[in-house]
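Step one of this worksheet: look at the structure below.
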Amino acid sequence: MIIEPRMRGFICLTAHPDGCAQNIKNQIDYVKSKGKIEGAKRVLVIGASTGFGLASRITSAFGCDAATIGVFFEKAPAPGKTATPGWYNSAAFEKEAHQVGLYAKSINGDAFSDEIKQQTLDLINADLGQIDLVIYSLASPVRLHPKTGVLHRSVLKPIGQTFTNKTVDFHTGNVTQVSIEPANQDDIDNTVVVMGGEDWAMWMDALAEANLLAEGATTLAYSYIGPSVTEAVYRKGTIGRAKDDLEATAFKITEKLSALNGKAYVSVNKALVTQASSAIPVIPLYISLLYKIMKAEGIHEGCIEQIQRLYSDRLYQGNEIPTDEQGRIRIDDWEMREDVQSQIAALWVESTTENLTAIGDLAGYKQDFLNLFGFGFDGVDYLKDSDEMVLIPSIK
Ligand code: NAI
Ligand code: NA
């Protein structure tokens, strides 16, 4: 069928299989253009189908020649109804990996559940024996707790006081004031349960107990800090509490993995357009200003450029992994550059509906958003019939 984007709010209801395949090809080509990386050979990516997790899977496979197992939660296609983009991404990734003889299998289901963890352990045990690198890159609004059966929902709210600032509806370009009421304690606790470190630790415990981690195994989860304009709603808000918890969990995991010389890190990444970040108020306005400035400075990166640099210049550069005083890997270094941030701070004050297309990169934001769903890629004929029933080779 002919597939067109159908937008509703912060999401697009359709995804284009050929466009998603093109996106995968482009990311693979980028990684290959940067040369080989001496890195992990058996990699588990939890949250492997979109965003930073997908970029990690691609960099592991096509940068390090790694066998990869990807875990994600995506919707399969039905006749006349497209799959979610992560489904098509994973189908295309597996095909590309298999073509060059790389092992790649996927598990589609709720990574927070005991059942999906067990399936993953069984697959590792049967096929790879052990894992050298675990990437933890989940972004989810809900978590069904496997021990209590409680469904927790995360929220994006400030803590302590109402937050009022500018935001943009990136579809219309309207810049408006948004006010967000402060979180209560339940909101904070729930957000920490969903996006904090507990599930990461559960995964690492399960892997370690089953003896599926290799000597010196490394695990990495992704965090964000960002500038002062987003601080009240992001780093000092509910999601920030979850990130504090995630960062603290890295130390606990490292301690637990000491018998096998394993190590857990958090990498602080750059703000990027993903399905997760588009839903956060204020962030789209910040990102459109950030993109404009980083592109002008020649230092703009997408997920794949970020993760390729994370692997080649941090994780696997051959020396001790450089971190900040809190033990975090920083690949948000270009975003946080003083000259970049001071320009954004000035533009932030000025920005209005009328001038945003000129002073911000709203077009770049929209392009990236469309790309998430497989739309807007050169080399794809969107007027042609395409097969929505694309399957993931390893998923029956
Ligand atoms: P994303 O929405 O692109 O990817 C989320 C992944 O998690 C997908 O593979 C999805 O299938 C999977 N997933 C969600 N719920 C699941 C479940 N219950 N079971 C199994 N898989 C599930 O998100 P993005 O942006 O790549 O985020 C990944 C991490 O990077 C998050 O921790 C986020 O906070 C962090 N990060 C994101 C930044 C951004 O600007 N987008 C910046 C810095 C860090
Ligand atoms: Na991800």
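If the requirement is being without any contact (Cβ under 8 Å) to a residue 40 or more places away in the chain and not hydroxyl-bearing (S, T, Y), which of these qualifies: G80, G86, G129?
Matching residue, one of G80, G86, G129: G86.
Do we have A48 as of a type outside the set (D, E, K, R), buried (at least 24 other Cβ atoms within 10 Å of the Cβ), within 14 Å of ligand 1 (Cβ to nearest atom) and over 17 Å from N108 (Cβ atoms) here?
For A48, the condition - of a type outside the set (D, E, K, R), buried (at least 24 other Cβ atoms within 10 Å of the Cβ), within 14 Å of ligand 1 (Cβ to nearest atom) and over 17 Å from N108 (Cβ atoms) - is not met.
Since I135 meets every condition but one in (1) out of contact with any Ser or Thr (no Cβ under 7 Å at 6 or more places or on another chain); (2) closer than 22 Å to A40 by Cβ; (3) in contact (Cβ under 8 Å) with a residue 24 or more places away in the chain, which condition does it not meet?
The one condition I135 does not meet is (1).
Out of all the residues in region 257-305, which are farther than 17 Å from L370 by Cβ and hydroxyl-bearing (S, T, Y)?
Within region 257-305, S258, Y265, S267, Y286 meet the criteria.
Here is a check on your reading of the model: is A346 over 16 Å from Y286 (Cβ atoms) and of a type in the set (G, A, S)?
For A346, the condition - over 16 Å from Y286 (Cβ atoms) and of a type in the set (G, A, S) - is not met.
Does any residue of region 83-93 turn out to be surrounded by fewer than 16 Cβ atoms within 10 Å (Cβ to Cβ) and out of contact with any Ser or Thr (no Cβ under 8 Å at 6 or more places or on another chain)?
Scanning region 83-93 turns up no residue that is surrounded by fewer than 16 Cβ atoms within 10 Å (Cβ to Cβ) and out of contact with any Ser or Thr (no Cβ under 8 Å at 6 or more places or on another chain).
If I go through region 300-314 residue by residue, how many of them are farther than 21 Å from Q341 by Cα and assigned to a loop (DSSP other than H, G, I, E, B)?
0
Quickly run through region 350-394 and pick out the residues that are among the aliphatic types (A, V, I, L, M), surrounded by fewer than 20 Cβ atoms within 10 Å (Cβ to Cβ), touching a residue at least 24 places away in the same chain (Cβ under 8 Å) and not in a loop (DSSP other than H, G, I, E, B).
Passing the criteria: I359, L370.
With respect to K105, is the statement that it is assigned to a strand (DSSP E or B), among the basic types (K, R) and either more than 16 Å from ligand 2 (Cβ to nearest atom) or touching a helix residue (DSSP H, G or I) at 6+ places or on another chain (Cβ under 7 Å) (or both) true?
Criteria met by K105.
Per-residue answers, yes or no, for (1) within 13 Å of ligand 1 (Cβ to nearest atom); (2) not aromatic (F, W, Y):
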site	(1), (2)
Q22	no, yes
F52	yes, no
A78	no, yes
D110	yes, yes
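List every residue pair whose Cβ atoms lie under 6 Å apart, where the two residues are 6 or more positions apart in sequence or sit on different chains, the first residue falls within region 201-228 and is within 16 Å of S267 (Cβ to Cβ), and the second residue, located anywhere, is within 13 Å of ligand 1 (Cβ to nearest atom) and part of a strand (DSSP E or B).
L220/I135; L220/S267; A221/Y136; A221/V266; Y222/S267; S223/V266; S223/V268; I225/V268
Of the conditions (1) among the polar types (S, T, N, Q); (2) crowded, with 18+ Cβ neighbours inside 10 Å; (3) away from ligand 1 (no atom under 12 Å from the Cβ), T230 satisfies every one except a single condition; which number is it?
Of everything listed in (1) among the polar types (S, T, N, Q); (2) crowded, with 18+ Cβ neighbours inside 10 Å; (3) away from ligand 1 (no atom under 12 Å from the Cβ), T230 misses just condition (3).
To keep it simple, each residue is scored yes or no on (1) within 21 Å of Y136 (Cβ to Cβ); (2) more than 15 Å from ligand 1 (Cβ to nearest atom).
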{"site": "E38", "(1), (2)": "no, yes"}
{"site": "F62", "(1), (2)": "yes, yes"}
{"site": "T68", "(1), (2)": "yes, no"}
{"site": "F73", "(1), (2)": "yes, no"}
{"site": "L102", "(1), (2)": "no, yes"}
{"site": "I107", "(1), (2)": "yes, no"}
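Do you know which residues across region 118-136 are among the charged types (D, E, K, R) and over 23 Å from the mean Cα position of the chain (by Cα)?
Passing the criteria: D122, D127.
Taking the conditions exactly as written (in contact (Cβ under 8 Å) with a residue 24 or more places away in the chain and in a strand (DSSP E or B)), does K166 satisfy them or not?
Criteria met by K166.
Within the bounds of region 310-326, is there any residue that is more than 18 Å from S223 (Cα to Cα), modelled with pLDDT of 95 or more and touching a Lys or Arg at 6+ places or on another chain (Cβ under 8 Å)?
Yes, some residue in region 310-326 is more than 18 Å from S223 (Cα to Cα), modelled with pLDDT of 95 or more and touching a Lys or Arg at 6+ places or on another chain (Cβ under 8 Å).
Report whether or not M336 is under 26 Å from Q177 (Cα atoms) and part of a helix (DSSP H, G or I).
In short, no.
Given the criterion away from ligand 2 (no atom under 16 Å from the Cβ), within 24 Å of T249 (Cα to Cα) and either in a loop (DSSP other than H, G, I, E, B) or touching a Cys at 6+ places or on another chain (Cβ under 9 Å) (or both), identify the matching residue among K147, K117.
Criteria check complete, one pass: K147.
So in region 138-160, with the set limited to residues that are among the polar types (S, T, N, Q) and in contact (Cβ under 8 Å) with a residue 60 or more places away in the chain, which one is surrounded by the most Cβ atoms within 10 Å (Cβ to Cβ)?
S154
List every residue pair whose Cβ atoms lie under 6 Å apart, where the two residues are 6 or more positions apart in sequence or sit on different chains, the first residue falls within region 301-315 and is touching a residue at least 40 places away in the same chain (Cβ under 8 Å), and the second residue, located anywhere, is among the hydroxyl-bearing types (S, T, Y).
Listed pairs, sorted by first residue: I304/Y30; I307/S56; I307/T59; Q308/T59; L310/S267; Y311/T59.
Table: residues versus (1) surrounded by fewer than 22 Cβ atoms within 10 Å (Cβ to Cβ); (2) of a type in the set (S, T, Y); (3) part of a strand (DSSP E or B).
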| site | (1), (2), (3) |
| --- | --- |
| V178 | yes, no, yes |
| A214 | yes, no, yes |
| A221 | no, no, yes |
| G240 | no, no, no |
| K252 | yes, no, no |
| A259 | yes, no, no |
| A264 | no, no, yes |
| K270 | no, no, no |
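The values are calculated or read from the model by the stated rules, or taken from the named source; none is laboratory data. These figures come from a predicted structure and were not determined experimentally. Every residue, glycine as well, gets a Cβ built from its backbone with ideal geometry; the counts of neighbours run over all protein chains shown.
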